[in-house]
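The values are calculated or read from the model by the stated rules, or taken from the named source; none is laboratory data. Remember, it's a predicted structure, so these values are computed and weren't measured experimentally. Here the Cβ positions follow ideal geometry from the backbone for every residue, glycine too, while neighbour counts run over all protein chains shown.
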Amino acid sequence: MEQRWTVVGGGVAGSVIAARLAEAGAAVTLIELGVDGATPDDMHEAAQIPGRTIDGLRVRRVEGGPYVSYTAGSGLGGGSAINAGLASSTGPFFLQHRLPVEGEGINQRVRRNGSRASVAEVYLNALRSKVEIRSSTTVERVVMGDAQACGVELNSGEIVEADRIVVCAGALMSPLLLMKSGFAVEGLGRRLQDHPSVALRYRNDGLPSTMLIARRSGGVQVIETVVGDEVWVVPALMRPTSTGVIGANDNGEIEAQFRLCQHVGEQELLLAAVTKVAAEHAHREGIDVPRPGREGEWLMDRLASTTSVYSHATGGCCMGEVTDRLGRVKGIENLFVADSSVFPAIPSVNPMIPTVQLAETLSDRWRDAGLVSG
Ligand SMILES: Cc1cc2nc3c(=O)[nH]c(=O)nc-3n(C[C@H](O)[C@H](O)[C@H](O)COP(=O)(O)OP(=O)(O)OC[C@H]3O[C@@H](n4cnc5c(N)ncnc54)[C@H](O)[C@@H]3O)c2cc1C
């Protein structure tokens, strides 16, 4: 009998997983809460499209800090339909993926002929006749039967039955979905991470709206970009060690606390980067920048209160704790997680390509383990 796989979330990883399963001959249903279709190249414009970000997502960036909104991609392509597409320049991260990459060195971006190429467009478009895509549809929980996962329940109450379920709802939503489904797996919701970042904001003194430049020095990446009539210069720590936690409240809503820069060494590193950026851009008219000598105070306030600038969340369903090396949720038959939530530690580069590679790797492992059949 034909094997039925249901993939929850058609973002970066979900697009790869659905494509690879369909190519292997499995019957695939892909359920995505956001919308279908292409988006503009401009990430700020793209994120304004209804159904292109997860509505009302609020997180705590630092321990005990205020709740602030967090941008997570939604719709087919997920993060790749709204992000900057910045890719890392060299190393093993380029070994296995089909994404088109343009540009030089640290400034390479996932683009085709100068325009956005979302992971869904690259991986899924040619396979649309082979994958049942249900967009604007939310999965509420994984359904169990005979001690194994056997389907998912939608927001309409409909049950979609499946032989195997792959959760690709992203680093915040995958752990939440497992919690809402009642799974108490050791480690679930732990090791939430992001690249800690803050934006120094200046009046735009004539730079083009398309400007996006990245620089990297050691563990610090600095992005300079135009946002409306401002220039934002954004230093970020690319090798953070602090970890946060995700939980669910009684209403099934997410409670996420990143605990950015919990370790003093990280605060010092980011402070040094902020101080350097502020000095380098002192000739510009500042809109939100630290006063000389008050950088530490400014940093700790903005770290807590800024809405997301980098949105590189990982963790929550870490491989080795929550899943095995196949992404199989420990103790639950036929249920897999395959997205940025399974990284045990945040990649030290922009995470989109590593997430695609993770999905490619898991697809290979499933094939090699004989899990996928037509
Ligand atoms: C604004 C922004 C800028 C970024 N810039 C870059 C960059 O320049 N370079 C880079 O490498 N990375 C960047 N990233 C990060 C990158 O996009 C993410 O790391 C990547 O998208 C994570 O892939 P994922 O598959 O884990 O999750 P996602 O791509 O977020 O996909 C998860 C999908 O699951 C869906 N979903 C969630 N819950 C449910 C549910 N219950 N039912 C059905 N569907 C559900 C969501 O709608 C979403 O489409 C950026 C991200 C953002 C948001």
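Numerical summary
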{"read-out": "Pair list, Cβ < 7 Å and 6+ apart or interchain, from region 296-324 residues that are within 18 Å of residue 233 (Cβ to Cβ) to residues that are within 16 Å of the ligand (Cβ to nearest atom) and of a type in the set (Gly, Ala, Ser)", "value": "306/199; 307/69; 309/197; 309/199; 310/197; 310/236; 311/72"}
{"read-out": "Test: residue in region 54-65 that is near the ligand (Cβ under 9 Å from one of its atoms), within 23 Å of residue 176 (Cα to Cα) and assigned to a strand (DSSP E or B)", "value": "no"}
{"read-out": "Options 211, 238; residue that is within 30 Å of residue 329 (Cα to Cα) and outside the structural domain of residue 171 (by TED's automatic domain parsing)", "value": "238"}
{"read-out": "Strands (runs of 3 or more DSSP E) fully within region 98-206 counting 1 or more residues that are over 23 Å from the mean Cα position of the chain (by Cα) and of a type outside the set (Lys, Arg)", "value": "131-134, 139-145, 148-154, 159-161, 200-203"}
{"read-out": "Extreme residue, nearest to the chain's Cα centre (by Cα), among residues of region 349-369 that are over 21 Å from residue 72 (Cβ atoms) and either acidic (Asp, Glu) or outside any helix (DSSP H, G or I) (or both)", "value": "360"}
